[in-house]
Amino acid sequence: RTYSSCFSYLPSLFSLTSLLASRFFFFLMIRRPPRSTLSSSSAASDVYKRQVSTQSTGIISTIMARAVLAVFETYQKARVEFVQTIAELATRPQNIEVLQNAGVMQLLRPLLLDNVPSIQQSSALALGRLANYNEELAEAVVSNQILPQLVYSLSEQNRFYKKAAAFVIRAVAKHSPELAQAVVDSNALDALVACLEEFDPSVKEAAAWALGYIARHNGELAQTVVDAGAVPLLVLCVQEPELTLKRIAASALSDICKHSPELAQTVVDANAVAYLAPLIQSSDAKLKRQVCSCLAQIAKHSVDLTEMVVEAEIFPTILTCLKDPDPYVRKNAATCIREVAKHTPELAQLIVNAGGVGALVDYVNESEGNARLPGIMTLGYISAFSETLANAVIAARGVPPLVNALVNEPEDHIKSASAWSLGQIGRHSPEHARALADAHVLPKLLAVFMHPDSSDDLRTKAKRALKSIIEKCLQLGALEPLISEAPPQILKYVLQQFAKVLPSDTGGAKKQFVTSGCLKKIQQLKGDEKIDEFVKLINGLYPNDIVEYYSPNFHTQLLKKLESV
């Protein structure tokens with residue numbers, strides 16, 4: 001049954017096959033007409049073929065273009081990755097030598113002129129980090145002629161690149177005056193000053209920072225910065241609301257005016273003091289550091305400049321900075337007060353009237369190391385001008401912290417400053433010398449003078465202080481221990497004072513001089529002309545038999561007399 005149903009379809013299958021064959025043979029019998037007699041349908045077919053061919057060519061061209069551009073994209077990505085990686089590696093000191101040996105400077109230089117801004121910025125950043133590391137790499141930036149490219153780009157490129165370029169210039173200039181001069185010779189100053197007029201505060205910061213690093217080395221470089229017109233623009237930067245910009249501008253002004261009175265006067269003439277002085281009250285510690293430093297650099301040069309600073313009403317506000325939590329604010333404020341105090345008695349009196357002595361004594365008590373130095377010196381400057389001002393220091397209990405610094409500070413220059421200040425206090429009158437004698441200053445000064453490790457400057461300061469105090473000291477009990485301890489350089493001042501005071505004594509000092517054993521001790525002193533002279537003067541105040549009794553040979557002579565009897 002199944003086979004019969006399959007055969008039933010055969011007639012219809014044969015008829016279908018014959019129909020297809022007839023159509024196929026009919027198609028073969030049709031001859032294509034010649035090209036000259038093409039019909040409209042065949043012409044349309046050729047147009048279609050040509051369009052297909054054109055589209056194929058366009059697709060191929062597009063693919064080829066994409067392949068070419070892919071090469072450039074790969075190259076660009078490689079450059080970006082290279083400069084970014086170098087910039088990152090340059091942040092670690094252990095990588096610097098390897099990068100230098102690999103010739104990184106020569107590889108980064110052409111990338112500063114790359115047509116991709118991000119590559120330019122990253123290459124400049126990498127160069128800045130390298131140059132910032134040491135002077136050798138900064139010199140490599142100069143020797144590879146990179147500075148002219150940076151200077152050119154400062155006036156042409158976007159704000160991001162300007163920041164990076166100013167960073168490189170700063171990193172080069174900071175190492176030495178010679179490198180800073182190389183920056184100036186590359187005409188960087190005009191470009192940096194122009195950056196101070198940019199709208200973006202970060203560009204101003206970078207430019208001000210670079211100018212400060214150029215100016216800090218010496219007066220000649222600072223003058224070139226001034227001549228480029230930087231000072232008025234830096235003063236404008238101080239008035240900007242951004243704290244970072246204020247700090248850097250104040251620091252740059254400080255670096256300019258520290259070198260000479262003329263440069264400081266230029267800063268004052270730009271009305272900088274009027275804008276800096278109110279910033280002492282700022283809540284930002286870093287800004288107060290720079291403001292106090294700049295005012296100190298202005299005030300140190302002359303009385304006139306100091307008066308300009310004082311007229312800006314920094315007192316008594318600046319005294320509060322001596323209690324600031326930030327140690328650098330305290331130190332810079334003390335330095336500013338020192339520069340004001342050193343010029344005239346009137347300025348020193350101004351500080352005293354503002355309550356400055358008590359604040360300075362507290363500052364010296366609470367500080368250690370180099371931070372103590374400006375406070376110690378300020379007390380010395382104030383005391384030096386008059387008995388009244390020295391009394392103010394004594395009344396404010398200023399002597400004990402000075403003695404503490406003399407004894408306990410490890411650095412000789414701090415000990416020297418303490419010895420000098422103590423000498424300035426004690427040199428005025430017997431009352432001042434008595435205050436120091438009561439504080440046991442004389443033996444401590446003598447110990448510092450005789451210490452074998454003391455520097456020449458410390459020995460000189462201690463000797464002068466001892467001389468000044470001894471010459472005014474009427475408290476002979478404080479001088480007596482020095483007779484047996486002091487070397488000849490100091491002993492002559494001690495004996496001179498005894499020879500001056502004992503003749504006018506009405507309080508039993510002569511008797512005390514004998515009973516304490518001092519008369520006996522001075523009989524043993526010989527060999528120095530001055531000392532012999534003063535011993536002779538003192539011996540003349542006593543009867544000969546007393547002097548002979550205490551002479552070294554008295555007992556020997558007495559025994560000889562007994563033997564001859």
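Quick check: residue separation of ASN158 and ILE60 times 0.36 nm, minus the Cα distance between them. What number comes out in nm?
Extra length available between ASN158 and ILE60 comes to 31.4 nm.
Simple spin-label model, 7 Å along Cα-to-Cβ: THR388 to ASP269 in nm?
The two pseudo-label positions are separated by 3.7 nm.
Rounded to the nearest whole Å², what accessible area per residue is found for the chain with the 1.4 Å probe?
Working: 29240 Å² over 565 residues.
Here the residues of the chain average 52 Å² of exposed surface.
Aspartates and glutamates within cross-link reach of LYS162: Cα-Cα under 18 Å, excluding same-chain residues under 8 positions apart?
Of all the aspartates and glutamates, those that pass the test against LYS162 - Cα under 18 Å, at least 8 places apart if same chain - are ASP114, ASP190, GLU197, GLU198, ASP200, GLU205.
Per residue of the chain, what 222 nm ellipticity follows from adding -39500 (n - 2.57) for every DSSP H run with n ≥ 4, rounded to the nearest 500?
Value at 222 nm, helices only, nearest 500: -23500 deg cm²/dmol.
So, by mean Cβ neighbours within 10 angstrom, what's the order for 123-136, 266-279, 163-176 with the highest one leading?
With the highest mean Cβ count within 10 Å placed first, the list reads 163-176, 123-136, 266-279.
Accessible area of the chain with a 1.4 Å probe: how many percent of it is carbon plus sulfur?
55 percent
Using Cα pairs closer than 8 Å and at least 6 residues apart in sequence, work out the relative contact order for the chain, in percent. Mind dumping the intermediate values first?
Details: 722 pairs, mean separation 29.9, N = 565.
So the answer I get is 5 percent.
If you put +1 on each Lys and Arg Cβ and -1 on each Asp and Glu Cβ, how big is the dipole of the range 96-212 around its Cα centre, in Debye rounded to 20?
Here the range 96-212 has a charge dipole of around 260 debye.
Order these peptides, 230-241, 138-149, 367-378, by their mean beta-carbon neighbour count within 10 angstrom, highest first.
So the peptides 230-241, 138-149, 367-378, ranked by packing, come out 367-378, 230-241, 138-149.
Would you please give the FRET efficiency between LYS520 and THR460, computed as 1/(1 + (r/R0)^6) with r the Cβ-Cβ distance and R0 = 41 Å, to the nearest 0.05?
0.80
Identify all aspartates and glutamates with a Cα-Cα distance to LYS323 below 20 Å; exclude those on the same chain that are fewer than 8 residues away in sequence.
ASP284, GLU313, GLU339, ASP362, GLU366, GLU368
Of the cross-linked pairs LYS246/LYS461; LYS415/LYS536; LYS286/LYS461; LYS415/LYS510; LYS461/LYS511; LYS444/LYS492, which ones have a Cα-Cα span greater than 29 Å in the structure shown?
Violating the 29 Å limit, Cα to Cα: LYS246/LYS461; LYS415/LYS536; LYS286/LYS461; LYS415/LYS510; LYS461/LYS511.
Mind giving me the FRET efficiency for TYR549 and HIS413? R0 is 45 Å, r the Cβ-Cβ distance, nearest 0.05 is fine.
FRET efficiency, TYR549 to HIS413: 0.40.
Is the range 244-383 best put as rounded, prolate or oblate by its Cα gyration tensor, with a ≥ b ≥ c the root eigenvalues, rounded for a/c under 1.5, and otherwise prolate when a/b is larger than b/c, oblate when not?
oblate
Give a residue-ordered list of calculated ³J(HN,Hα) values for the range 250-263 (Karplus: 6.51 cos²θ - 1.76 cosθ + 1.60, θ = phi - 60°; whole Hz; x for Gly, Pro).
Along the range 250-263, the couplings run 5, 5, 5, 5, 4, 5, 6, 7, 6, 7, 7, x, 5, 5 Hz.
Give me the extension gain from GLU73 to ALA285: residue separation times 0.36 nm, minus the current Cα-Cα distance, reported in nm with one decimal.
That works out to 71.5 nm of additional length.
Going through the range 189-226, which chymotrypsin sites (Phe, Trp or Tyr not before Pro) have at most 14 other Cβ atoms within 10 Å and a DSSP loop state?
Here the sparse-neighbourhood loop sites are PHE199.
Shape verdict for the range 320-444, please, from the Cα gyration tensor: rounded (a/c under 1.5), prolate (a/b greater than b/c) or oblate.
On the way: a/c = 1.84, a/b = 1.16, b/c = 1.58.
Oblate.
If you find the alpha carbon centre of the range 253-322 and of the range 417-485, how far apart are they in angstrom?
With the range 253-322 and the range 417-485 each reduced to a Cα centre, they are spaced 36 Å.
For the range 297-385, calculate the relative contact order in percent as a whole number, restricting contacts to Cα pairs under 8 Å that are 6 or more residues apart.
Relative contact order for the range 297-385 comes out at 30 percent.
Using a/c under 1.5 as the rounded threshold, could you call the range 175-300 rounded, prolate or oblate? The axes a ≥ b ≥ c are square roots of the C-alpha gyration tensor eigenvalues, and prolate needs a/b larger than b/c, oblate otherwise.
Taking the square roots of the gyration eigenvalues as a ≥ b ≥ c, the range 175-300 is oblate.
The values are calculated or read from the model by the stated rules, or taken from the named source; none is laboratory data. Computed from a predicted structure; not experimentally measured. Glycine also receives a Cβ, built like all others from the backbone with ideal geometry; neighbour counts cover every protein chain displayed. Accessible surface areas use protein heavy atoms only, side chains included; no ligands, DNA or RNA. Shrake-Rupley method; radii C 1.70, N 1.55, O 1.52, S 1.80 Å.
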